[in-house]
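Down below is the structure, laid out as structure tokens.
The values are calculated or read from the model by the stated rules, or taken from the named source; none is laboratory data. Computed from a prediction, not measured in an experiment: that's the story for all the values here. With ideal geometry, Cβ positions are generated from the backbone for all residues, glycine too; neighbour counts draw on all protein chains shown.
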Amino acid sequence: MLKIFRADLHVHSVLSPCGSLEMSPARIIHEARQKHIDILAITDHNSTRQCRVVMKLGGDAGIKVWGGAEINTREEVHSLALFEDLQAINEFQRWLDKWLRVIKNKPDYFGDQVWVDENENILGEEERLLIVSIDRSLEQSYEEVHRLGGVFIPAHIDRRSNSLISQLGFIPSDVRADALEISPNAEPEYVLSQGWGKIKPLVAGSDAHQPDKLGTHVTHLKMKDTTLEEFKKALKCKSGRKILPLWDNNRS
Amino acid sequence: MTVNDIVHKLGLTVFGGEKGLDREITGGYVSDLLSDVMGNASEGDVWITLQTHKNVMAVASLKEVAAVILVKGLKPDDDTLAQSNEEGIPLLGTELEAFDVAGKLYALIKSK
């Protein structure tokens, strides 16, 4: 039996320097419940260190949380890396730690980079600035995410900064990606006229940095359950699973 | 001045696109945002960049630039190199940073 799930595939937590201090795991899950989100992806800049706590709280609240990060590749293209399995997340974190360029964060300027527990006690602070790029290309990043069983999605491809379009001019027809994410403020007519949906499935996320934005842009997924494996099937339109069109009002 | 002239005068590495070494150079453009290059580079420019993705050659071909120089000792991706050969647009390299190679290229072009 296939169902429609509401997924916000791009959410920042308090760990992102630009993320609001209100974006604690408890607040994120509270917000997601209020907005009837079934699936949430925690995607902080170049770090997975906050997603474990959110995954646990989400599990308790009946909301599926995929962990991962919004990585910044060598080309300075932001891309979402999504995983379900903690072991894969741990291994991906080691890869990020290896390739993140070491530039010290200035919290006064860029913002705090702490991760917290379910009661909002600080568990740790990342001293390296997380918004810089890692020393791995888009292609190398895609390979690593796939090696670990994850899903790789270039983020907000239509944006004027840190996107496939801004950095590399256009979407190569053979782009190594599982889907392409459209930014929250994209005009539907513009996106449809570009034909990106013919290259890869288009998905949306809120790119929320503060609680009120969470869930304001979602992707509807037709799947059996909320596992990442089902999402992979939906991305390939296997056995009736699919990603519903972003701007289709008829979602049945 | 041809691409071959600047290869010799600036000691550049030729990665690929040798067929285009006799192309005429009329100016230069420095940018790492391919969307910007698509909008602003001119035919006959030497394009100086740190991007190594194969889209570089597609944009180089679209804008009909004379050649591309990769800075800081960066090497092209394999498919970038293949496309350079296919398009016949020289893909060059230098150990210098963009500022330095652009300054030297500017001086060469202006001295003509």
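Computed values, structure above
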read-out: Among residues of region A:197-211, those that are part of a loop (DSSP other than H, G, I, E, B) and more than 13 Å from the chain's Cα centre (by Cα), counted; value: 4
read-out: Of the criteria (1) at pLDDT below 95; (2) over 16 Å from the mean Cα position of the chain (by Cα), which one A:P184 fails; value: (2)
read-out: Filtered residues of region A:164-178 (kept if charged (D, E, K, R) and in contact (Cβ under 8 Å) with a residue 40 or more places away in the chain); value: A:D178
read-out: Wholly within region B:1-109, helices (runs of 4 or more DSSP H) carrying at least 1 residues that are of a type in the set (V, I, T), more than 14 Å from chain A (Cβ to nearest Cβ) and in contact (Cβ under 8 Å) with a residue 24 or more places away in the chain; value: B:3-10
read-out: For A:G150: the one exception among (1) touching a residue at least 24 places away in the same chain (Cβ under 8 Å); (2) more than 22 Å from A:D8 (Cα to Cα); value: (2)
read-out: Filter result for A:L100 (within 14 Å of chain B (Cβ to nearest Cβ) and surrounded by 15 or more Cβ atoms within 10 Å (Cβ to Cβ)); value: no
read-out: Qualifying residue in region A:86-94 (condition: more than 22 Å from A:H220 (Cα to Cα) and at pLDDT below 95); value: no
read-out: Hey, A:G59 free of Cβ contacts under 8 Å to residues at least 12 places away in the same chain, of a type outside the set (S, T, Y) and more than 17 Å from A:L96 (Cα to Cα) or not; value: yes
read-out: Looking only at region B:43-101, and only at residues there that are closer than 14 Å to B:D32 by Cα and hydroxyl-bearing (S, T, Y), the one that is surrounded by the fewest Cβ atoms within 10 Å (Cβ to Cβ); value: B:T52
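Condition check ((1) in contact with a Leu (Cβ under 8 Å, 6 or more places away or on another chain); (2) crowded, with 21+ Cβ neighbours inside 10 Å) across all residues:
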| position | (1), (2) |
| --- | --- |
| A:E189 | no, no |
| A:I199 | yes, no |
| A:V203 | yes, yes |
| A:T216 | no, no |
| A:T219 | yes, yes |
